[in-house]
Amino acid sequence: MGNEREQILELTRTLLVDFFEKGDVRLLLELMASDILWLGGMENMTAQGKKNVLPFYQTARKGDMIPFHMTNQRYDAMELAPGVWLGQGMSDCTTDSKDKLLLHEYQRCTFIFRRTGEKAPREWEISYLHQSIAYKGLEKDEFMPFEKGLSTYRKLRNFETGTVSKTDQAQLLQEVDAFLQGIPERIQETLVFLSYIQQFSFAAACFYQGDFPDSKTLRQEYGFLAHLLFAAGPDTYTFHPLLQQILQQRSHRLTPFLRSWMRRKAALWYLQEEDWDAAFSEARKMVEKEGDILLEAVHRGGLKLLSHYAPDAVLNTARKIPLAVKLHHMDACLQVLLYIVLNLENSEAEEGLENFMADVPASYAYRPYDEIAFWILEGALAVPNLDAMLPFFQKAAALAQKHLVKLPREYFTVVTRGVCSPLSLYYRRSGSLEKNCAALKKIFEACGKAIQDVDVPLWKTLLDGEYAYLTGKLDVAASLMSSFLQTDFRTPDEQEGGCVAMFLMPRILAFQGKQTPEECRKLSNILHQLMSKTETPLWANNLHIIAAYLCSIVETPRERIQKELDQLVTMPHYPAIEPMRRTTRRQLLLKLGKYSTVTFTDETPPPSPSDYSSQKNRLYDNIILAAAEDKLGNGKAAMALLRKILREAKADNVILPFAEYREILEPYLQELSFDPNLSRMAEAILSLQMHKLRTETFQPVLLTKREQAFVKCVAAGKTNREIAEEYCLAEVTVKKTMSRIYQKYGVTNRTGLIAALLGH
């Protein structure tokens with residue numbers, strides 16, 4: 001009996017594997033008894049006698065079968081009478097990804113075998129067969145549900161949130177949930193963990209579950225997963241939105257402890273993968289418990305990471321971290337304070353700094369590194385008062401030289417502040433330009449001693465170049481600035497130096513009459529290249545200000561100027577670049593002929609020079625105001641303003657801001673050339689002429705998330721078809737998107753786009 005039972009079990013297994021996995025029905029048909037009773041999965045599938053059963057299998061005999069992968073197979077056998085056995089098999093049946101069909105069914109088949117006579121070709125024959133798999137989507141005349149499988153596959157692959165009906169979405173959710181049920185619980189739990197990670201790898205799965213199957217094994221065992229995982233890079237995947245939705249729903253049902261454990265593991269995984277932003281984001285959701293992970297992410301990610309969050313939010317998050325954890329991660333806490341100092345008004349930043357230091361116990365032993373950082377931060381609170389700043393920076397420099405310790409380069413940002421015009425920040429009062437430049441150079445020197453990788457000669461040269469420009473020494477300014485636009489912009493100093501040079505060089509070229517289209521296109525490409533190197537929102541906004549300003553000195557369509565103006569109005573507030581943003585806004589209003597808006601704006605220039613206002617921007621603002629008054633027919637008001645600010649500028653021999661508006665101000669300057677006190681200034685200004693740059697707008701390229709992804713694909717050498725397959729889109733959709741990208745970059749094909757991306 002034992003031998004017969006094993007025979008029946010093996011025969012049952014062979015029949016089902018042949019039928020479902022191989023699509024081979026030959027053995028099944030060969031074993032059918034002439035009087036077989038058959039019951040299929042659908043209502044009309046019933047017949048008695050082999051000749052009546054065979055028509056139902058005509059499709060199968062032609063090889064038109066859907067191959068399934070069987071998992072969770074279970075078989076049993078029971079003797080009913082001497083020589084009569086019942087055999088049954090059960091399994092989950094799932095289509096394979098390569099067949100572009102999506103079906104997941106649970107099957108149970110029951111056979112009654114009886115022993116044949118001695119002369120029969122086979123020892124056993126099938127007298128009864130019941131296939132209990134119920135194909136819900138079976139169409140008329142189908143033996144297997146091809147249409148349903150194809151339809152489900154297409155809908156899932158082309159699924160896009162917001163474009164699928166609620167009925168279809170509910171159906172697809174049900175299908176995906178059914179697929180998921182066929183996976184062991186441990187793997188399901190790991191998938192829930194991976195749903196916390198937007199882009200995951202199988203290495204991440206193994207990080208959570210040490211024996212998680214590799215990619216090949218997982219696909220072999222659970223082939224349908226190939227439809228629900230999208231390749232996002234080498235060995236990196238994202239979940240299908242519906243699978244992500246189901247997994248997230250399941251995560252909410254977990255115990256709080258397990259959810260916290262998963263989040264901690266996710267944060268640790270991001271740390272291991274050096275994805276500091278993601279580690280910070282995960283740890284921030286449970287900051288009281290995971291402050292160590294959060295501060296480790298801050299230490300690694302620095303200001304680039306913190307720039308994605310509002311300074312108030314960063315400060316509030318830091319306050320929730322236990323003091324012992326903060327003291328253990330002092331470097332990271334100092335980086336948080338650095339970010340606060342850079343992005344809050346001085347009074348708020350000072351309060352944040354004082355509150356942190358008040359929490360530190362008196363017994364805590366500060367390292368020299370900490371003391372240097374605090375001196376730099378104290379100096380930063382005095383910006384833009386150079387006289388108040390200098391002693392703090394010099395103390396930091398002396399301490400750094402004594403202990404041979406330097407801070408990371410990002411601390412230098414307390415001086416540069418992301419501005420592309422140092423003198424717009426540090427030129428504070430009429431008659432102080434030369435003194436301000438000398439003090440700022442001393443601060444550069446102190447920073448070179450206390451902070452890593454500060455190119456002191458570079459910053460001194462930039463300062464000299466801007467000084468030369470303001471005072472009308474155009475050849476000197478051009479000579480000093482041009483070299484900063486001939487680098488690869490690899491280091492922060494080169495990138496920030498390039499921004500300063502980019503702010504001035506178009507104007508220098510315009511005054512020198514070197515406004516060839518080729519030269520202008522070169523500058524435009526450099527601006528785009530700098531935009532691609534930008535790592536913080538502050539510098540990105542600064543470059544947008546440069547682009548907006550350049551609109552006012554090139555031949556630009558009115559609608560483009562209005563667009564730049566709208567962007568300036570909605571730009572986030574950064575204290576350091578706020579004066580330049582306001583001035584550029586007024587310049588664009590003047591360019592658009594909105595003179596009344598210029599004169600009645602709430603952002604009026606300070607009535608007189610002040611230690612707390614930018615003298616450079618004050619000059620520009622008043623020049624623009626005088627030009628607007630002239631256009632409104634208020635000649636007396638325009639002349640009064642012009643006299644006043646010319647007297648201020650005379651103390652420093654600043655003439656270029658006036659020359660930039662010579663076209664409007666010329667009648668007034670002609671009259672002032674007879675004024676004994678202002679004649680030399682007026683004549684010097686009149687000797688300069690700014691030519692219009694004849695080229696396309698210096699326009700930053702603003703892309704949607706999808707366009708950004710496509711640009712990366714193009715840079716990686718992928719074709720439209722490959723992009724379409726990667727993002728599950730129609731190729732025509734990719735072509736339309738690429739056309740919009742070409743238009744934004746001002747090119748007509750991929751070659752031109754790649755050249756633009758490289759800054760050629």
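The values are calculated or read from the model by the stated rules, or taken from the named source; none is laboratory data. Treat the numbers as computed from the prediction; the structure is a model and nothing was measured. Because the Cβ atoms are built from the backbone with ideal geometry, glycine has one as well, and the counts that use them run over all protein chains shown. Surface accessibility is based on the protein's heavy atoms, side chains included, excluding ligands, DNA and RNA. Shrake-Rupley method; radii C 1.70, N 1.55, O 1.52, S 1.80 Å.
Laid out as a table, the results:
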| item | result |
| --- | --- |
| Of residues in segment 650-663 being out of contact with any Leu (no Cβ under 6 Å at 6 or more places or on another chain) and assigned to a helix (DSSP H, G or I), the one farthest from Leu590 (Cα to Cα) | Lys650 |
| Only listed residue being touching a helix residue (DSSP H, G or I) at 6+ places or on another chain (Cβ under 9 Å), surrounded by fewer than 20 Cβ atoms within 10 Å (Cβ to Cβ) and at pLDDT 95 or above, chosen from Asp475, Asp464 | Asp464 |
| Hits in segment 614-652 - residues which are surrounded by fewer than 24 Cβ atoms within 10 Å (Cβ to Cβ) and in contact with a Phe, Trp or Tyr (Cβ under 6 Å, 6 or more places away or on another chain) | Ala627, Lys631, Leu632, Met639 |
| Filter result (touching a residue at least 40 places away in the same chain (Cβ under 8 Å), outside any loop (DSSP other than H, G, I, E, B) and either open to solvent by 20 Å² or more (accessible area, probe 1.4 Å) or not polar (S, T, N, Q) (or both)) within segment 405-428 | Leu407, Arg409, Glu410, Tyr411, Phe412, Thr413, Val414, Pro422, Leu423, Leu425, Tyr426 |
| So Phe503, is it touching a residue at least 24 places away in the same chain (Cβ under 8 Å), open to solvent by less than 20 Å² (accessible area, probe 1.4 Å) and part of a loop (DSSP other than H, G, I, E, B) | no |
| Ala450, sole failed condition from (1) in contact (Cβ under 8 Å) with a residue 12 or more places away in the chain; (2) open to solvent by 40 Å² or more (accessible area, probe 1.4 Å); (3) over 17 Å from Pro384 (Cα atoms) | (2) |
| Those residues of segment 45-56 which are surrounded by fewer than 16 Cβ atoms within 10 Å (Cβ to Cβ), under 15 Å from His130 (Cβ atoms) and either modelled with pLDDT under 90 or among the charged types (D, E, K, R) (or both), in sequence order | Met45, Thr46 |
| Enumeration of residues in segment 384-399 that are hydrophobic (A, V, I, L, M, F, W, C) and open to solvent by 20 Å² or more (accessible area, probe 1.4 Å) | Ala388, Leu390, Phe392, Ala398, Leu399 |
| Criterion (among the hydroxyl-bearing types (Ser, Thr, Tyr), closer than 17 Å to Phe412 by Cα, open to solvent by 20 Å² or more (accessible area, probe 1.4 Å) and not in a loop (DSSP other than H, G, I, E, B)) met by exactly one of Tyr369, Tyr339 | Tyr369 |
| Residue tally, condition closer than 26 Å to Arg429 by Cβ and either hydroxyl-bearing (Ser, Thr, Tyr) or open to solvent by 30 Å² or more (accessible area, probe 1.4 Å) (or both), over segment 653-683 | 9 |
| Search result, residues across segment 532-578 that are part of a helix (DSSP H, G or I) and acidic (Asp, Glu) | Glu559, Glu564, Asp566, Glu578 |
| Selection status of Glu519, in contact (Cβ under 8 Å) with a residue 12 or more places away in the chain and either of a type outside the set (Gly, Ala, Ser) or closer than 26 Å to Ala682 by Cα (or both) | no |
| Of the criteria (1) modelled with pLDDT of 90 or more; (2) open to solvent by 10 Å² or more (accessible area, probe 1.4 Å), which one Thr255 fails | (1) |
| Condition met for Met481 (within 24 Å of Val654 (Cβ to Cβ) and open to solvent by 10 Å² or more (accessible area, probe 1.4 Å)) | no |
| Complete set of residues in segment 5-16 that are under 19 Å from Met65 (Cβ atoms) and open to solvent by 20 Å² or more (accessible area, probe 1.4 Å) | Arg13, Thr14 |
| Whichever residue in segment 563-580 is within 22 Å of Leu381 (Cβ to Cβ) and either basic (Lys, Arg) or without any contact (Cβ under 8 Å) to a residue 60 or more places away in the chain (or both) and, among such residues, is most open to solvent (accessible area, probe 1.4 Å) | His573 |
| Asp92 being surrounded by 16 or more Cβ atoms within 10 Å (Cβ to Cβ), of a type in the set (D, E, K, R) and modelled with pLDDT under 85 | yes |
| Filter result for Arg490 (surrounded by fewer than 20 Cβ atoms within 10 Å (Cβ to Cβ), at pLDDT 85 or above and within 30 Å of Val454 (Cβ to Cβ)) | yes |
| Per-region count, segment 279-296, residues part of a helix (DSSP H, G or I) and open to solvent by 20 Å² or more (accessible area, probe 1.4 Å) | 4 |
| Among (1) at pLDDT 95 or above; (2) not in a helix (DSSP H, G or I) - the single one Gln401 does not satisfy | (2) |
| Considering residues of segment 300-336 that are farther than 19 Å from Thr536 by Cα and charged (D, E, K, R) only, the residue most open to solvent (accessible area, probe 1.4 Å) | Arg319 |
| Only one of Glu296, Glu348 that is without any contact (Cβ under 8 Å) to a residue 12 or more places away in the chain and farther than 21 Å from Thr534 by Cα | Glu348 |
| Set Glu671, Glu731, Glu726, Glu663: member being more than 26 Å from Gln562 (Cβ to Cβ) and modelled with pLDDT of 85 or more | Glu671 |
| Neighbours by Cβ (under 6 Å, 6+ apart or cross-chain): first from segment 365-383, closer than 23 Å to Ser424 by Cβ; second open to solvent by less than 20 Å² (accessible area, probe 1.4 Å) and basic (Lys, Arg) | none |
| Residue within segment 123-137 that is touching a helix residue (DSSP H, G or I) at 6+ places or on another chain (Cβ under 6 Å), within 28 Å of Leu172 (Cα to Cα) and either part of a loop (DSSP other than H, G, I, E, B) or modelled with pLDDT of 85 or more (or both) present | yes |
| Neighbours by Cβ (under 6 Å, 6+ apart or cross-chain): first from segment 41-54, in a helix (DSSP H, G or I); second modelled with pLDDT of 90 or more and open to solvent by 40 Å² or more (accessible area, probe 1.4 Å) | Lys50/Ser34 |
